[in-house]
Amino acid sequence: MQKQILRNILIYLGAGLVCVGLLFWSLESFNASQGHWEAEIGRVETQLALTLRLAGREDRPFNRQIVIADREAGTHPAGTFSLPDQAEQMPGNRQTFQDTTIRPGRVTFQWEGHEFDLMLIGLTVDGKQYDWKDQTPIALVR
C-alpha cells in the first residue's frame, strides 16, 4: 500500500515538473517573438533627437521620434540601445520602472529632464499620452 502511494506521488510530482518546464519554455519562446523596446539617440538638423521603437516586430510599426528643441545634437554620442537590457549604457538615462514579464512589456525612464513611459497601448512623455500611429515628431523643451 505504501509503495503504491509513493509511486503515485512520484508520478504526479514528475508530471507536475514536466508541466512547469513546458510552461516556462513556452513563455520564453513567446517572449522572444514579441520584440523589445529600443531607443536611438541621434539628431534632427542641429537638435538632439530620441527615437523610440518596438524592435524585432516589423508587423507592428511602433515608432516615435522625440526632438529636444533646446539641446544641440552632439550632447550625447549617437547610438542605439535595447531597453531595458542596455538602459544603464544609454548616456544620461535613469530607468525608473520595468516590467518585461510578457515582452515587450513596460519600460519607464528619465532622459534629458523628461520622463518616457513605453507601453503597447501608447507612449507617455511627461504625463501626456501619444499614439504610436501618429508619426508627427514630438517636440520637447527642457
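Scanning region 57-68 for residues that are in contact (Cβ under 8 Å) with a residue 12 or more places away in the chain and surrounded by fewer than 12 Cβ atoms within 10 Å (Cβ to Cβ) returns a single hit, PRO61. Within region 127-142, being part of a loop (DSSP other than H, G, I, E, B) and not charged (D, E, K, R) holds for GLY127, TRP132, GLN135, THR136, PRO137, VAL141. Per the conditions (1) small (Gly, Ala, Ser); (2) on the phi < 0 side of the Ramachandran plot; (3) under 17 Å from the mean Cα position of the chain (by Cα), the sole criterion not satisfied by ALA139 is (3). For region 8-41, a residue qualifies if it is on the phi < 0 side of the Ramachandran plot and either surrounded by 15 or more Cβ atoms within 10 Å (Cβ to Cβ) or under 14 Å from the mean Cα position of the chain (by Cα) (or both), and the qualifying residues are ASN31, ALA32, SER33, GLN34, HIS36, TRP37, GLU38, ALA39, GLU40, ILE41. Filter region 23-56 down to residues that are touching a residue at least 40 places away in the same chain (Cβ under 8 Å) and part of a loop (DSSP other than H, G, I, E, B) and give me whichever is nearest to PRO137 (Cα to Cα). Among them, the one singled out is GLY35. When the residues of region 102-119 are filtered to those that are at negative phi and not in a strand (DSSP E or B), the one that is modelled with the highest pLDDT is PRO104.
Flag set for ASP85, criterion: surrounded by fewer than 15 Cβ atoms within 10 Å (Cβ to Cβ) and touching a His at 6+ places or on another chain (Cβ under 9 Å). No other residue among ARG94, ARG103 is farther than 18 Å from VAL67 by Cα and in contact with a Gly (Cβ under 8 Å, 6 or more places away or on another chain) apart from ARG103.
Tallying residues that are in a helix (DSSP H, G or I) and farther than 30 Å from GLY105 by Cα within region 1-22 yields 14. Is it the case, given these coordinates, that THR124 is free of Cβ contacts under 8 Å to residues at least 12 places away in the same chain, in a strand (DSSP E or B) and over 17 Å from ARG71 (Cα atoms)? Yes: the conditions hold for THR124.
The values are calculated or read from the model by the stated rules, or taken from the named source; none is laboratory data. Owing to the predicted nature of the structure, the values given are computational and were not obtained by experimental measurement. Methodologically, a virtual Cβ is constructed for each residue, glycine included, from the backbone with ideal geometry; neighbour enumeration extends over all protein chains shown.
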